[in-house]
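Read the structure below first, then the notes.
The values are calculated or read from the model by the stated rules, or taken from the named source; none is laboratory data. Quick caveat: nothing in here was measured; it's all calculated off a predicted structure. Quick reminder, even Gly has a Cβ in these numbers, built from the backbone with ideal geometry, and neighbours come from all protein chains shown. For accessibility, only protein heavy atoms count, side chains too; no ligands or nucleic acids. Shrake-Rupley method; radii C 1.70, N 1.55, O 1.52, S 1.80 Å.
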Amino acid sequence: METVLIKALQLLCCLSLLVVLHEGGHFFFSKLFKVRVEKFYMFFNPKFHLFSTKDKWFAKRFPKIAANETEYGIGWIPLGGYVKIAGMIDESMDKEQMKQPAKPDEFRSQPVWKRFFIMVGGVLMNLLTSLVIYCAIMLVVGRDVMPIENVKDGFVYNVEAQRCGFRNGDIPVAINGESVMYWESTILRTLSEAETVTVLRDGKEVTFRVPADHPDMLEMSEMTPAFIQPFVPAEIDSVLADGAAAKAGLVKGTRLLAVDGTPIRCWADFDSLMMRKNDKLAAHCSAADSLALRKMSVVCMAKNAQQPDTVELQLNDKYMLGISKSSLLSYAKSQHLDYNIASCIPAGCQYGWRQLTGYVHDLKYVFTPKGAKSVGSFITIGSIFPDQWDWLKFWNLTALISIILAVMNILPIPGLDGGHVMFLMIEAIIRRPLSEKVQTIAEYVGMGVLLLLMLWAFGNDLLKFVF
């Protein structure tokens, strides 16, 4: 329960900050162009609110603030926020105001270019927020990277990767002619777009052409064993108390050499073997077969032992060995990059740009059957936050979510900022605004589409986390 509360608190803080900044972008350009803003709310407030500068108790104590034309408040539904700009058809659906003659300080009285900046202000603020966060992280913390050349034992590739031309031990040094500097998760995105790959094989550079029918990034990311993973010797990092490994006498530093007669060179080999066991389990095997699969014969070498030993293990009902695997950092040296005031800005902006273009690139997978199933609601977003409060992870995730909000809001769907931008582009082309009736109907349709998407995402989360 405590873990759930910590995740929920991080999610609430993240979204509250980003919503205020997003709406602040609209607010900034509205005020810049002297357009009247009637309300600025964090969270939604149907029927009632938690706080408003127009409340009598507040107005009595702070009359100057209460007299401001803009009402500032906090709603009771923590799912977003809004600014209500005078003379604009938005989710508030204020038809009465639109029936009145247009006033000079209303949104609809402004030229197209001013309305454009007002509408993209939120997206620009989200993008700026992410860049500022990344620059600050670079300045304060720096960045840890794994130079590709430091992975001296190379990489291990699954069957599909070997069909594409890779061989175990290859070190990718260039993809489509672009040098590969570091080992990082984004390499799958790059490989999914690869036409040619240059690898270091047996000390020599070898370039090969990747077949056109290679798997896409989504397929690569779901593969077991992994499409590509560093060669990491199968050495135990830690042993879970009362687990199968602990009961068999295995300790930290023990290296697995063979399992059930199959040689084990690295953790990739072990994962492949366990995958085959799981495939047999999934084939509706009998109770006796299941019990047999839980038995495991392991040839291993303790850290200071002179010769290998053979132990018999009995896996638990979840077929877990009860160990933590050694990581790449145990065998390859990472590099820490420090930045000063001058260098953190280009480094942070470059990193933010890569995150933005990467997310836009991956957005196309949402429209595939597998991608649609991966769409999640606030439950999914909350689950990516760590169990314990970690400021570095919090700010990294906040920057990423800020980019996601920017991209999602600029989509040309009525009800989102991108929908209003789309109307403005049409107006600029046809030299007249769309009728209020058309915009209102489009707004209703757009909000209906958004509601269906939210229900779909929530349904995916229920299937994933509850059932």
In degrees between 0 and 90, to the nearest 10, how far off the longest principal axis of the chain does helix 112-140 point, with axes built from Cα atoms? 40
Counting residues in region 99-184 as N, plug N into 2.2 N^0.38 Å and put the Cα Rg over that result. 2.09
When we measure straight from the Cα of K303, which lysines land under 26 angstrom away, once same-chain ones fewer than 8 places off are left out? K152, K247, K252, K295, K325, K333
For K373, list the lysines whose Cα falls under 18 Å from its own Cα; do not include residues on the same chain fewer than 8 positions away. K364, K464
Summing +1 for each Lys or Arg and -1 for each Asp or Glu, what net charge is found among the other residues whose Cβ lies under 15 Å from the Cβ of R163? -3
Could you pull the Cα extents of region 191-281 along its three principal axes, largest to smallest, in whole Å? 49, 35, 23
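Please give the calculated 222 nm ellipticity per residue for the chain, where each DSSP H segment of at least 4 residues contributes -39500 (n - 2.57) and the sum is spread over every residue; nearest 500 deg cm²/dmol? The partial results should precede the final answer.
Details: 17 runs with 215 residues, N = 467.
Per the formula, -14500 deg cm²/dmol.
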Tally up the carbon and sulfur contribution to the accessible surface of region 58-167 as a whole percent, 1.4 Å probe, everything protein left in place. 63
Whenever you get a sec, compute what percent of the accessible area on region 315-448 sits on carbon and sulfur atoms (1.4 Å probe). 67
Quick check on packing: order 149-161, 411-423 by the mean number of other C-beta atoms within 10 Å, highest mean leading. 411-423, 149-161
5 Å is the cut-off here: which amide hydrogens, built 1.01 Å from N in the peptide plane, fall below it relative to Y72, excluding neighbours closer than 5 in sequence? F40, T53, K54
On average over all directions, what projected area in square nanometres does region 389-467 have, based on the convex hull of its Cα atoms? 7.3
By how many degrees, between 0 and 90 and to the nearest 10, does the Cα long axis of helix 436-465 differ from the longest principal axis of the chain? 30
Looking only at lysines whose Cα falls under 21 Å of K39's and that sit 8 or more positions away or on another chain, we get K31, K47, K54, K56, K60, K64, K84, K95, K99, K103, K114
Quick one, what does Rg over Rh come out to for the chain if you take C-alpha atoms and the Kirkwood Rh? 1.05
To the nearest 0.05, how large is the calculated FRET efficiency for N316 and T368 if R₀ is 35 Å and r is the Cβ-Cβ distance? 0.45
Over the chain, calculate the relative contact order: mean separation of alpha carbon pairs under 8 Å at least 6 apart, over the residue count, as a percent. 17
For region 424-467, with only Lys/Arg (+1) and Asp/Glu (-1) charged at the beta-carbon, what is the dipole magnitude about the Cα centre, in debye rounded to 20? 120
Given +1 on the Cβ of Lys and Arg, -1 on the Cβ of Asp and Glu, and no further charges, what dipole in debye does the chain carry about its Cα centre, rounded to the nearest 20? 1260
How tilted is helix 2-32 with respect to the longest principal axis of the chain? Cα atoms for both, answer in degrees (0 to 90, nearest 10). 40
Along Cα→Cβ, 7 Å out, is where each label goes; now give me the distance between the ones at F394 and L452 in nm to one decimal. 3.9
Using the heavy atoms of the protein chains and a 1.4 angstrom probe, tell me the accessible area per residue for the chain in square angstrom. 56
Got a sec? Charge dipole of region 281-381, +1 on Cβ for Lys and Arg, -1 for Asp and Glu; which of L291, S343, A372 is way out at the positive end? A372
Could you tally the net charge around I264, taking each other residue with its Cβ under 11 Å from the Cβ of I264, Lys/Arg +1 and Asp/Glu -1? -2
